[in-house]
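Enquirer: What follows is a single structure, and I will ask about it in a moment.
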Amino acid sequence: MQKLRMAGIGAVAAGLLAGAAPANAVQNQGPQQTQSVQAKAFTKLKVLKEFDYSHSKQHQLPLRLGEYYRNKKGKMVGFGWTKIKKKHNITKYGIVGWLAKSPNIDHLKGPRYNLTGWAHHVKCSGSRCKIVDRRKMLLATDETMTPTGGRGRFAFFGAVTAFCVGTEKCPTWVNTKFKPRMTALNTALGDQYVFSYEPLKVSKGSLVPIV
């Protein structure tokens, strides 16, 4: 009974996030059509990766295949990796995993949370450096227990979307220069890229948190 209840909740969550049609629309279809719709729904829910998740010690955060499409009202809707990649130009799984471990957690409502991090493009000339581009990055999560599409296993719905705040698409350098372990600033180099869980500034040739 508990699994059936969670399955229903998960299906509703997925449908709402993806802009899908109401469940009663499926009931009016024949058996073959119903099976086809269910198969497509499970494909969208397929888990591509699971990451350590700072908001839960018991559960990892799934990244599902998801979808991104134009609905009948002409609005682009979706969720998961397909939306993250196509709409927001985040093309590395590792960025989602890095954001999933962020200590910056904001509770929105119910099972929904936002986690944030910062990407910095630093340019140095001689011993002088300045930040020429700073992007706040956000990962939206949903902790509703949802089927994974295999052997009756359930997990968090997971990563709903991820993006650079204030713009639809993240700049390409966010993907090509992603190295979350890089923290030191080398003033002898020109362009450098630093990813951190707090916004940084340059002070006396070093990167320090903005306070």
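Enquirer: May I ask you to list the residues in the stretch 57-73 that are of a type outside the set (D, E, K, R) and either open to solvent by less than 70 Å² (accessible area, probe 1.4 Å) or assigned to a strand (DSSP E or B) (or both)?
Expert: Correct list: LEU61, PRO62, LEU63, LEU65, GLY66, TYR68, TYR69, ASN71.
Enquirer: Which one is least open to solvent (accessible area, probe 1.4 Å) among residues in the stretch 128-142 that are basic (Lys, Arg) and more than 14 Å from VAL174 (Cβ to Cβ)?
Expert: If we take residues in the stretch 128-142 being basic (Lys, Arg) and more than 14 Å from VAL174 (Cβ to Cβ), then LYS130 is least open to solvent (accessible area, probe 1.4 Å).
Enquirer: Please return the ranges of strands (runs of 3 or more DSSP E) entirely within the stretch 111-185 where 2 or more residues are within 18 Å of LYS46 (Cβ to Cβ) and of a type in the set (D, E, K, R).
Expert: So the answer is none; nothing clears 2.
Enquirer: Here is a follow-up. Can you confirm whether the stretch 74-95 contains a residue that is open to solvent by 40 Å² or more (accessible area, probe 1.4 Å) and in a strand (DSSP E or B)?
Expert: Checked the stretch 74-95: at least one residue is open to solvent by 40 Å² or more (accessible area, probe 1.4 Å) and in a strand (DSSP E or B).
Enquirer: Here is a follow-up. Six or more apart or on different chains, Cβ atoms under 6 Å: show the pairs whose first residue is in the stretch 87-103 and under 21 Å from GLU67 (Cβ atoms) and whose second is open to solvent by 50 Å² or more (accessible area, probe 1.4 Å) and assigned to a helix (DSSP H, G or I).
Expert: THR91/LYS85
Enquirer: Which one of these is touching a residue at least 60 places away in the same chain (Cβ under 8 Å) and buried (at least 17 other Cβ atoms within 10 Å of the Cβ): SER125, SER54?
Expert: The conditions single out SER54.
Enquirer: Being open to solvent by 40 Å² or more (accessible area, probe 1.4 Å) and more than 30 Å from GLN60 (Cα to Cα) is the filter; apply it to the stretch 188-204 and report the residue that is modelled with the lowest pLDDT.
Expert: Initial filter on the stretch 188-204 (open to solvent by 40 Å² or more (accessible area, probe 1.4 Å)): 188-189, 191, 197-198, 201-204.
Filter once more, so that each one left must be more than 30 Å from GLN60 (Cα to Cα): 188-189, 191, 201-204.
Working: ALA188: 67, LEU189: 74, ASP191: 88, LYS201: 89, VAL202: 86, SER203: 85, LYS204: 78.
Of everything passing the filter in the stretch 188-204, ALA188 is modelled with the lowest pLDDT.
Let's see how each residue does on (1) modelled with pLDDT under 95; (2) out of contact with any strand residue (DSSP E or B) (no Cβ under 8 Å at 6 or more places or on another chain); (3) not acidic (Asp, Glu):
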site	(1), (2), (3)
VAL165	no, no, yes
CYS170	no, no, yes
LYS179	yes, no, yes
SER206	yes, yes, yes
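Enquirer: On the given criteria, is THR116 in contact with a Ser or Thr (Cβ under 7 Å, 6 or more places away or on another chain), hydroxyl-bearing (Ser, Thr, Tyr) and closer than 26 Å to LYS57 by Cα? Working first, answer last.
Expert: Values: in contact with a Ser or Thr (Cβ under 7 Å, 6 or more places away or on another chain): yes; hydroxyl-bearing (Ser, Thr, Tyr): yes; closer than 26 Å to LYS57 by Cα: yes.
Against the criterion (in contact with a Ser or Thr (Cβ under 7 Å, 6 or more places away or on another chain), hydroxyl-bearing (Ser, Thr, Tyr) and closer than 26 Å to LYS57 by Cα), THR116 qualifies.
Enquirer: Here is a list: LYS179, LYS109, LYS123. Which entry is among the basic types (Lys, Arg) and more than 21 Å from LEU63 (Cα to Cα)?
Expert: LYS123
The values are calculated or read from the model by the stated rules, or taken from the named source; none is laboratory data. None of these values were measured; they are calculated from a predicted model. With ideal geometry, Cβ positions are generated from the backbone for all residues, glycine too; neighbour counts draw on all protein chains shown. Surface accessibility is based on the protein's heavy atoms, side chains included, excluding ligands, DNA and RNA. Shrake-Rupley method; radii C 1.70, N 1.55, O 1.52, S 1.80 Å.
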